[in-house]
1. Among the residues of region 84-106, are any open to solvent by 30 Å² or more (accessible area, probe 1.4 Å), more than 16 Å from ligand 1 (Cβ to nearest atom) and on the phi > 0 side of the Ramachandran plot?
2. Yes or no: region 178-190 includes at least one residue that is within 16 Å of ligand 2 (Cβ to nearest atom) and more than 20 Å from V257 (Cβ to Cβ).
3. Is there a residue being within 18 Å of F285 (Cβ to Cβ) and open to solvent by 40 Å² or more (accessible area, probe 1.4 Å) anywhere in region 113-121?
4. Taking region 231-290, which residues are more than 19 Å from P126 (Cα to Cα), acidic (D, E) and touching a Pro at 6+ places or on another chain (Cβ under 8 Å)?
5. G162: modelled with pLDDT under 95, assigned by TED's automatic domain parsing to the domain that holds H93 and either within 13 Å of ligand 1 (Cβ to nearest atom) or out of contact with any strand residue (DSSP E or B) (no Cβ under 9 Å at 6 or more places or on another chain) (or both), yes or no?
6. Mind listing just one residue for me: the one in region 213-235 that is in a strand (DSSP E or B) and touching a helix residue (DSSP H, G or I) at 6+ places or on another chain (Cβ under 9 Å) and, of those, farthest from E156 (Cα to Cα)?
7. For region 213-236, what are the residues that are in contact (Cβ under 8 Å) with a residue 40 or more places away in the chain, open to solvent by less than 20 Å² (accessible area, probe 1.4 Å) and under 28 Å from D199 (Cα atoms)?
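The values are calculated or read from the model by the stated rules, or taken from the named source; none is laboratory data. Computed from a predicted structure; not experimentally measured. Here the Cβ positions follow ideal geometry from the backbone for every residue, glycine too, while neighbour counts run over all protein chains shown. Heads up: the accessible areas ignore ligands, DNA and RNA and are worked out on the full protein's heavy atoms, side chains in. Shrake-Rupley method; radii C 1.70, N 1.55, O 1.52, S 1.80 Å.
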Amino acid sequence: MSTDSKEAEQALTEQVVASFAGTPDERLRTLMQSLVRHMHAFVREVEPTEAEWMSAIRFLTDTGKMCDDLVRQEFILLSDTLGVSMLVDAINHRLATGATDTTVFGPFYIRGMPERAYGENIAFTPGTPALVHGRVLSTDGEPLANAVLDVWQTAENGMYSGQDTEQPHGNLRGRFRTDAEGRYAISTIVPVSYPIPTDGPVGRMLEATGRHPWRPAHLHFMIDAPGHRTLVTHVFDREDPYLGSDAVFGVKPSLMVDYRECPADHELARRFGFDGPFREARYDFILDRS
Ligand code: BEZ
Ligand code: FE
């Protein structure tokens, strides 16, 4: 390429960057100028053909068309599968304070799910019965009473209620509150690994690049307590085969838990109403003060 062409290309980048120089909001100016520099650098590096660029635009158009207000958000899925969601999460939770690690929110949360009593069952579809329990604490060890734990997980078919319209309303979802000692207890089923949706552009991208769509089995938590930062995280099954290759890069070693086998005559069975063998997972959450 001639020196003239190279200079003209560089001048174009500088001209576009300069066009944002008058942006009144300083943060917006920084974001736009950096975006232009990085996008131009990407284009300069890969030198797309015009057909490739059109296919990239078509891909993003299809991604936008697969978004709705409730249960399908293909842009979140794209951000997740490119590791951008976890990078944003890491940057926003950099300080090592002793609080529980955070992870991706994902696109399947539904607000306003029913309030559940201590130890109440949330599984209205079959599975291996499980008790998930523990405490919510502040970083100084103080138990947090009245913390709200919003939980969600898939059914054994790997789908969330809402996403799968056949499941009863609120299946495997609910809002639990801690008691005076900061304890919570959830009767549920052992979570299963499941594939993220592959019927859209993100699925096509995974297929074309030889990546699998599986997430290791987990239970989602969003925990709120007065005076504390909201905690968005998962608890993963330590036995899951996909822990090392999560399609959305959300696994952290501190978030793994054992689902121990308990016999039908276990003392917890009587207390929580299990009428056969079940699994028990114990996990304490630690919240940062806000
Ligand atoms: C989830 O765990 O629900 C999830 C997270 C990221 C992408 C898709 C699903
Ligand atoms: Fe999930």
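1. yes
2. No, because not a single residue in region 178-190 is within 16 Å of ligand 2 (Cβ to nearest atom) and more than 20 Å from V257 (Cβ to Cβ).
3. Within region 113-121, one or more residues are within 18 Å of F285 (Cβ to Cβ) and open to solvent by 40 Å² or more (accessible area, probe 1.4 Å).
4. Those that are more than 19 Å from P126 (Cα to Cα), acidic (D, E) and touching a Pro at 6+ places or on another chain (Cβ under 8 Å): D240, D246.
5. Spelling it out, G162 is indeed modelled with pLDDT under 95, assigned by TED's automatic domain parsing to the domain that holds H93 and either within 13 Å of ligand 1 (Cβ to nearest atom) or out of contact with any strand residue (DSSP E or B) (no Cβ under 9 Å at 6 or more places or on another chain) (or both).
6. Taking the candidates together, the pick is V232.
7. Selection gives H218, L219, H220, F221, T233, H234, V235.
The rows are residues; the columns are (1) part of a loop (DSSP other than H, G, I, E, B); (2) out of contact with any Ser or Thr (no Cβ under 7 Å at 6 or more places or on another chain); (3) open to solvent by 40 Å² or more (accessible area, probe 1.4 Å).
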position	(1), (2), (3)
G170	yes, no, no
F176	no, yes, no
E181	yes, yes, yes
Y184	no, no, no
S187	no, yes, no
V192	yes, no, no
P197	yes, yes, no
E207	no, yes, yes
R211	yes, yes, yes
